[in-house]
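Trainee: Supplied in structure tokens, the structure appears directly below.
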Amino acid sequence: MNLHALRLFHAIASTGSVTRASELLNISQPAITSQIKKFEKELHLTLIKPQGRGVTLTDAGQEIALLAKRLFAVEQQIEQFAYEYRNGTTGCVRLAATYLPANFLIPTWIAKFKQQFEQVEMMITTTNSNDALNKLLNVEVDVAIYGGLAEEHPDSIQTEELFQDELWFVVAPNHRYANQHISLSDMMKVPFVMREEGSSTRERLLSLCRTYSTSAPTISLQFNGLHEAITAVIAGYGATFVSSLVVRDFVKRGELCRVFVQGVLLKNKIAICSRKNEQLSASTMNFINMIREYPIRNVLSP
């Protein structure tokens, strides 16, 4: 079917006049009339008939006009969608995040982002570092936001560091090491409460022991969530090794206390990760740019 001719017919049906359709489309009346006659032959239908000095639609023409109106309305919707998608005002951001950014950073970022891009869908998966990286590599998500990024990652992944925070050893206030300065070997004699294997903080703790040739800690309790691990330590069992962002408020309130391990000061990297040489959608880039521009101090302020 000749869609150009259908568009000419739609203009005539919408304006009620060949003359006005000619003016609207900037096409001569004879050219429009010729195209409509060819279109009628193609359909084997009469669409327009003379009426006085103008034209009117036949019954078939009225039905075709309704269908054409729907068709070109959908065309406008497609054009509008394409425009909004190109500009990132619609679309979907698929994001994997480790516990730290998912609970302490991303909620504020999303709230600010949605104020400007309300129609963009956000799909967020909270998981450990290894799984977040695998989801990125397997194209299950567009970006991953890490707290405690593993030092080694495939060459196909690029990272952009946002900021760093400290990693702390913490215990309950009544623990014998609360607020004390001790050696790493003494710290490793304390039973630890940690997250599951695949957690970057757990791997950093084990790596620290290897670096200083110290016996690995005994991980007596293991949880799939960091909140559960912290709650167990607050209740008085063992110690944990964790981002300062996660426990700083507990320390301020006196529910937890730091243990200062001599010669150990580790930083926790917060980073955005994406696949190299792959163009991200406009909506995803808008979200990343918002993160880059939004001051971290505003996110972290109580």
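The values are calculated or read from the model by the stated rules, or taken from the named source; none is laboratory data. All values derive from a computational prediction rather than experimental measurement. Quick reminder, even Gly has a Cβ in these numbers, built from the backbone with ideal geometry, and neighbours come from all protein chains shown. The area values use the complete protein model at the heavy-atom level, side chains included, leaving out ligands, DNA and RNA. Shrake-Rupley method; radii C 1.70, N 1.55, O 1.52, S 1.80 Å.
Quick grid of which residues meet (1) at negative phi; (2) open to solvent by 30 Å² or more (accessible area, probe 1.4 Å); (3) more than 19 Å from the chain's Cα centre (by Cα); (4) not small (Gly, Ala, Ser):
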| site | (1), (2), (3), (4) |
| --- | --- |
| Lys114 | yes, yes, no, yes |
| Pro173 | yes, yes, yes, yes |
| Ala178 | yes, no, yes, no |
| Met187 | yes, no, yes, yes |
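Trainee: If you don't mind, another one. Filter segment 81-124 for residues that are β-branched (Val, Ile, Thr), outside any helix (DSSP H, G or I) and modelled with pLDDT of 90 or more and give the result.
Mentor: The answer is Val93, Val120, Ile124.
Trainee: Restricting attention to segment 125-154, which residues are at pLDDT below 90 and assigned to a loop (DSSP other than H, G, I, E, B)?
Mentor: The answer is Thr127, Asn128, Gly148, Leu149, Ala150, Glu151, Glu152, His153, Pro154.
Trainee: Do you know which of the residues in segment 1-41 that are aliphatic (A, V, I, L, M) and not in a helix (DSSP H, G or I) is farthest from Gln76 (Cα to Cα)?
Mentor: Ile27
Trainee: Specify which of the listed residues (Ser281, Ser274, Ser243) is among the small types (Gly, Ala, Ser) and modelled with pLDDT under 90.
Mentor: Criteria check complete, one pass: Ser243.
Trainee: Across segment 178-198, what is the number of residues that are outside any helix (DSSP H, G or I) and either touching a Cys at 6+ places or on another chain (Cβ under 6 Å) or closer than 15 Å to Val233 by Cβ (or both)?
Mentor: 8
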